[in-house]
Amino acid sequence: MVGRRGSSWCRWWVALLVLAVAADAVGCTSVSYDDRSLVIDGQRRIILSGSIHYPRSTPEMWPDLIKKAKEGGLDAIETYIFWNGHEPHRRQYNFEGNYDVVRFFKEIQNAGMYAILRIGPYICGEWNYGGLPAWLRDIPGMQFRLHNEPFENEMETFTTLIVNKMKDSKMFAEQGGPIILAQIENEYGNIMGKLNNNQSASEYIHWCADMANKQNVGVPWIMCQQDDDVPHNVVNTCNGFYCHDWFPNRAGIPKIWTENWTGWFKAWDKPDFHRSAEDIAFAVAMFFQKRGSLQNYYMYHGGTNFGRTSGGPYITTSYDYDAPLDEYGNLRQPKYGHLKELHSVLKSMEKTLVHGEYFDTNYGDNITVTKYTLDSSSACFINNRFDDKDVNVTLDGATQLLPAWSVSILPDCKTVAFNSAKIKTQTSVMVKKPNTAEQEQESLKWSWMPENLSPFMTDEKGNFRKNELLEQIVTSTDQSDYLWYRTSLNHKGEGSYKLYVNTTGHELYAFVNGKLIGKNHSADGDFVFQLESPVKLHDGKNYISLLSATVGLKNYGPSFEKMPTGIVGGPVKLIDSNGTAIDLSNSSWSYKAGLASEYRQIHLDKPGYKWNGNNGTIPINRPFTWYKATFEAPSGEDAVVVDLLGLNKGVAWVNGNNLGRYWPSYTAAEMAGCHRCDYRGAFQAEGDGTRCLTGCGEPSQRYYHVPRSFLAAGEPNTLLLFEEAGGDPSGVALRTVVPGAVCTSGEAGDAVTLSCGGGHAVSSVDVASFGVGRGRCGAYEGGCESKAAYEAFTAACVGKESCTVEITGAFAGAGCLSGVLTVQATC
């Protein structure tokens with residue numbers, strides 16, 4: 001009996017195991033490639049992808065961001081892996097909160113999308129130190145991104161850790177997961193010839209490829225911007241604003257565009273860059289016209305550089321990037337909708353594009369027709385690369401008008417289904433609305449606390465001493481923005497001097513005998529500057545305390561990690577009225593990283609901290625001051641921001657969550673591109689060719705994202721500000737980001753849609769005119785007003801979140817010439 005029962009149980013267990021294995025095998029996905037495209041489960045595929053970086057948003061935001069990406073016509077989500085976020089201290093790992101990368105990939109899988117895993121682990125990404133941990137500098141013999149055992153050991157250890165995490169969670173395609181591609185290294189080809197060690201660079205990049213392939217992830221490995229000295233076991237890919245003229249360097253691999261830059265990052269001294277929907281669509285259409293197979297938008301959602309994660313130096317806390325989804329996750333229209341229409345058309349032609357024969361015909365300069373043919377079907381692209389004139393092109397007996405700098409797509413080679421320059425999607429203008437929480441005061445009530453500087457006003461109690469001025473990153477391992485350099489000298493009698501400090505830091509504050517006597521910061525791009533301040537010494541021992549601060553570490557370039565910060569080498573001198581100098585550079589310097597508040601964790605607002613200001617008065621324009629206020633969370637689900645206008649420079653926290661550095665006193669420069677905007681012609685983010693810039697001469701960043709998950713509903717929320725440079729918090733306010741104006745246009749026969757979205761309804765129709773001549777959405781002027789159109793849109797739209805109206809010839813009436821009707825409404 002015992003034997004029989006055991007045998008039955010064994011057969012049952014084996015059968016169950018077989019079923020489980022079979023079920024698991026059904027979910028597996030095979031990924032390979034040929035010269036036309038990725039091959040997924042035996043089928044060639046066109047892949048449309050978008051970058052969303054998990055640490056630049058919150059886990060609560062991820063499902064909505066991914067959902068909107070899928071609804072926008074994307075197949076895949078691409079992300080970097082952020083080494084210094086996951087391993088802030090050697091062998092101490094962080095995979096919690098917005099660094100829960102496995103959870104992020106599971107959200108992608110839950111949405112039924114593919115994923116592209118860009119391990120790097122050097123990533124650039126305008127991320128602090130390019131994603132590399134500063135503690136690497138502590139390891140003897142370390143050379144970043146060259147062939148040497150210390151760096152390669154650490155890189156392989158971290159890469160293996162990430163791969164194993166993904167394997168353990170069954171995230172790779174062959175395990176039934178979403179990951180169809182993995183990337184090792186990043187844009188190495190851009191700098192490997194500038195490292196002054198070609199042999200080591202070549203050995204390193206080939207080692208990277210071999211190490212990656214040994215991980216056995218079951219999907220292809222890619223390397224972006226690696227056009228020379230490409231290892232045989234990776235697929236090289238393109239990054240840039242345009243990649244249609246780029247092709248991989250060997251046969252048998254597909255044409256992949258890993259970074260199509262949808263805008264540009266922002267620095268503290270720069271205005272906001274905008275890349276038009278027309279130009280991005282032009283670039284994408286050109287790419288697929290010229291045999292492209294996988295295209296990824298960098299960024300599809302840019303997000304926020306929370307905490308100390310922004311790189312640069314001088315990259316702002318906002319990483320909006322002018323992406324199709326704005327920093328807060330709202331649709332950026334018309335960019336999102338225009339690209340969605342393009343994606344739909346491309347997908348309708350997928351089989352023809354990846355299997356069909358193709359033939360290019362040039363119609364003179366800058367005009368090309370490409371015809372793809374498969375069996376009895378065909379699909380055509382026509383491009384006009386002139387940036388100053390429209391052209392007519394005859395195709396199969398039909399004449400097609402192409403606006404300048406545009407591509408027309410004809411899925412049947414007869415009818416234009418999409419033209420990159422003709423936008424049919426509405427434009428939405430988002431505005432910042434005051435906090436409407438019940439019983440919320442118009443202005444916040446503040447208390448304050450001074451930063452305790454007294455422990456640093458002498459040269460005692462440092463971590464160590466050295467008779468030289470040290471480099472800041474190595475000394476502090478970047479555990480804080482701040483590093484104290486402190487020394488002392490004996491002086492006979494009183495004396496007047498000029499304190500002279502030469503520094504490669506980003507900011508510098510100088511204290512003598514406990515008093516702040518000077519401060520200065522570098523201009524963006526220089527990062528070598530001098531501080532010169534008059535000082536008075538007293539008889540006896542005098543103390544000099546210098547506080548050096550960083551504002552994001554360099555993240556790109558050959559040997560970027562060697563760019564010095566801090567007062568390394570100096571000199572530091574006291575110069576008298578006769579020009580005679582006392583050189584303090586080789587004095588005994590005491591070192592201490594960080595501020596007292598960082599050690600005390602003031603940002604957590606623990607019980608027992610003494611806050612002043614119960615009488616309603618607070619000091620303003622006082623450097624090194626903490627401010628505290630409470631507020632109710634704004635009602636609704638709209639994105640929340642805090643307006644920090646009036647402050648100078650510092651850091652903001654809400655309920656202990658670090659919103660990032662703020663610096664609204666830094667004014668964005670006036671540039672030539674501020675005063676012109678035209679989608680036609682190649683987009684540039686640098687030089688004289690920039691255009692479509694906004695925010696010139698205004699605070700470089702005024703509003704700072706407060707994710708809803710940081711807030712508590714129905715109870716007080718705490719806003720803490722560390723004002724480093726001295727500012728006035730009286731104007732600080734919480735606001736919500738909501739649609740203000742929505743605009744659309746079309747001609748007779750077009751059905752056009754207005755949508756406020758997010759539960760907001762149209763409150764009024766403000767413009768319904770033909771031939772609008774001036775302004776932009778939200779401030780249109782001129783044109784011939786159409787009473788009939790106004791009445792039709794008012795009846796259909798007011799009070800509704802979304803409405804669709806067909807434009808008829810009757811809208812023009814007797815007084816207006818027919819043509820393009822522009823409608824503007826307020827949400």
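Brief remarks follow.
- Note on His675 and His538: the extension gain reaches 43.9 nm, defined as 0.36 nm multiplied by sequence separation minus the Cα-Cα distance.
- The chain - charge dipole about Cα centre, Lys and Arg +1 at Cβ, Asp and Glu -1, debye rounded to 20: 1460
- Measuring r between the beta carbons of Tyr358 and Asp412 and using R0 = 22 Å, the FRET efficiency lands at 0.90.
- Selected from Ile191, Gly72, Ala111, residue furthest toward positive end of dipole (the chain; charges at beta carbon): Ala111
- Sequence-distant aspartates and glutamates (8 or more away, or on other chains) whose Cα lies within less than 20 Å of Lys573: Asp459, Glu468, Glu471, Glu494, Glu507, Glu532, Asp539, Asp583
- For the chain, adding -39500 (n - 2.57) for each run of n ≥ 4 DSSP H residues and dividing by the number of residues yields -5000 deg cm²/dmol at 222 nm.
- Anisotropy class assigned to the range 201-282 is prolate, per the alpha carbon gyration tensor with a/c at or over the 1.5 cut-off and a/b larger than b/c.
- Cβ crowding within 10 Å averaged over residues, with 116-125, 266-275 ranked highest first: 116-125, 266-275
- Multiplying the residue separation of Arg622 and Lys422 by 0.36 nm and removing their Cα-Cα distance gives an extension gain of 66.7 nm.
- For the range 125-155 versus the range 67-112, the inter-centroid distance based on Cα atoms is 22 Å.
- For Ser202 and Val39, a Förster radius of 30 Å and the Cβ-Cβ distance give a FRET efficiency of 0.50, rounded to the nearest 0.05.
- In sequence order, calculated HN-Hα J values of the range 570-585 (Karplus, 6.51, -1.76, 1.60; Hz; x Gly/Pro): x, x, 10, 9, 10, 10, 8, 5, 8, x, 6, 10, 9, 7, 9, 4
- Packing-based order for 513-524, 179-190, 647-658, using average beta carbon neighbours within 10 Å, highest first: 179-190, 647-658, 513-524
- 21 Å Cα-Cα threshold exceeded, pairs from Lys68/Lys433; Lys255/Lys371; Lys498/Lys519; Lys466/Lys554; Lys167/Lys255; Lys422/Lys787: Lys68/Lys433; Lys466/Lys554; Lys167/Lys255; Lys422/Lys787
- For the range 690-723, the set of chymotrypsin sites (Phe, Trp or Tyr not before Pro) satisfying both a DSSP loop assignment and a count of at most 15 other C-beta atoms within 10 Å is empty.
- Distance (nanometres) between label positions extended 7 Å along Cα→Cβ at Glu781 and Met563: 4.3
- Ordering of 471-478, 89-96, 295-302, 688-695 by burial proxy (mean other Cβ atoms within 10 Å per residue, highest first): 295-302, 471-478, 688-695, 89-96
- Nearest-0.05 FRET efficiency for Glu637 and Glu460, computed from C-beta distance (R0 56 Å): 0.60
- Per residue, the accessible area of the chain comes to 40 Å², computed with a 1.4 Å probe over protein heavy atoms only.
- Approximate spin-label separation Glu468-Arg103, in nm, with each point projected 7 Å along Cα-to-Cβ: 4.6
- Residue-by-residue Karplus 3J(HN,Hα) for the range 671-679, coefficients 6.51, -1.76, 1.60, Hz, glycine and proline x: 10, 4, x, 6, 10, 8, 8, 8, 5
- Of all complete DSSP H helices in the chain, those with a Cα span along the helix axis of 30 Å or greater and a mean Kyte-Doolittle hydropathy of -1.0 or more are 2-26.
- Counting 0.36 nm for each residue step from Phe95 to Gln684 and taking away their Cα separation leaves a gain of 208.3 nm.
- Gyration tensor verdict on the range 688-778 (Cα atoms; rounded if a/c is under 1.5, prolate if a/b is larger than b/c, oblate otherwise): oblate
- Take the Cα radius of gyration of the chain and divide it by 2.2 N^0.38 Å, N being the number of residues; the result is 1.06.
- Calculated from backbone phi, Karplus (6.51, -1.76, 1.60) coupling profile of the range 231-242 in Hz, x at Gly/Pro: x, 6, 10, 9, 9, 7, 9, 10, 10, x, 6, 9
- Residues with amide H under 5 Å from that of Phe386, placed H, sequence gap 5 or more: Trp405
- Each of Thr694 and Ala795 was given a label point 7 Å from its Cα along the Cα-to-Cβ line. The distance between the two points is 3.4 nm.
- Proximal aspartates and glutamates relative to Lys214, as straight alpha-carbon distance under 12 Å, when same-chain residues fewer than 8 apart are discounted: Glu156
- The range 535-630: C-alpha gyration tensor shape, a/c 1.5 cut-off, then a/b vs b/c: oblate
The values are calculated or read from the model by the stated rules, or taken from the named source; none is laboratory data. Everything numeric in this text was worked out from a predicted model, so none of it was measured. Here the Cβ is made from the backbone with ideal geometry for all residues, glycine too, and neighbour counts use every protein chain on show. For the accessible areas, the whole protein counts, side chains as well, though only heavy atoms, and no ligand, DNA or RNA atoms are used. Shrake-Rupley method; radii C 1.70, N 1.55, O 1.52, S 1.80 Å.
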